[in-house]
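Input: a single structure, listed below in structure tokens.
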């Protein structure tokens, strides 16, 4: 029976170590410690006496079965159950062996070999289960560590998720606010852009005003003069009729008729100028109509020239025109193309005027305007011998609000609007060729 007591002592020690009863279960730790002391005492009694009494035997079994009871009756001892399963066959076979010894010697002798073999195999089973239990313990500990790590990672993930959701909510709120601010800024920008475009249109209309006044004054002078002459001729004709001089009266009537034809011609000329002004001042309808491009170009060239002359009486420039008479009428939006031409002519006159101020009488300002018909397109060229455009800014001239003029003398929208009108509304192209301080030439190509 010495082996049973040793096993009791070892098993109790393992139970206390595995379950950490000193910390986790102080009450049970005291009980297990008491059982250890009892087993040690029984072992001492067995060693002290050459033979052992049945009391000591049954006390040892009592200790074993009490250990089995407390392990299987408490769920928290689940890790200790493999130890019990390991030693339980040995305990049962030992109990049967002792019972048979006490009950019947004859039966014990007939079964002793089987019991001894069973006890031997139970010891082997106990060792094997002990080894397997230790491996299972390590596996369980590893699994526990993995589970704890997963729980830690899960908590960390949940915490990061909560933080991320908070950050996303805050960022979404910021983006929503920024979007509203950008939308408001965009609305203001569009409003400002519309105002600037209207300002550019009004500025170009202002450029026309002085030229129109000059242009309309000439036919009005003719109308007034021929009207006065015609009135005087009619008085003379009345006198000749009173004198019964019909032949002279007919001659005077012919002169009056010629004067009236001239009045009609110049009246229509004034009417055309007024209509052109109205076309330029009103909003574009984007409706194309057949227009004599040569007449439109010539009209805006003279209006632009006289507009500058109205500001500076000392300004003069040579205007060279070369219009292709075979073009005829083409489908365009006249007020929009008029704005483009006016912008190019105004820039050209501004350039030669600035150069004239710098060079004085050593320089003769000149502008060349030409139209030409080619296969499936009309080409309009505007060239001046002014200050030119610096090569470094040539790529920027069509950008909105970019200008080389001094502050207050240009909005920077003229060429930008011209580019949009030619390319987007008429499907054409506008290009520039220049050499600083020598010339600038703009070429417009409109598809027919």
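Values in this text are rule-based calculations from the coordinates and carry no lab data. Worth saying up front: this structure is predicted, and the values here are computed from it rather than measured. Cβ placement follows ideal geometry from the backbone for every residue including glycine, while neighbour counts extend to all protein chains displayed.
Need the full-extension length gain, residue 170 to residue 150, defined as separation in residues times 0.36 nm minus the C-alpha distance. One decimal, nm.
Value of the extension gain: 4.3 nm.
As a rough footprinting exposure proxy, the listed residues 309, 383, 339 were ranked by other beta carbons within 10 Å of their own, and the order from fewest upward is 309, 383, 339. The packing ranking, built from the mean of other Cβ atoms within 10 Å per residue, places the peptides 324-337, 161-174 in the order 324-337, 161-174, highest first.
As a rough footprinting exposure proxy, the listed residues 413, 234 were ranked by other beta carbons within 10 Å of their own, and the order from fewest upward is 234, 413.
If neighbour count is taken as other Cβ atoms inside 10 Å, put 353, 370, 110 in order from fewest to most.
110, 370, 353
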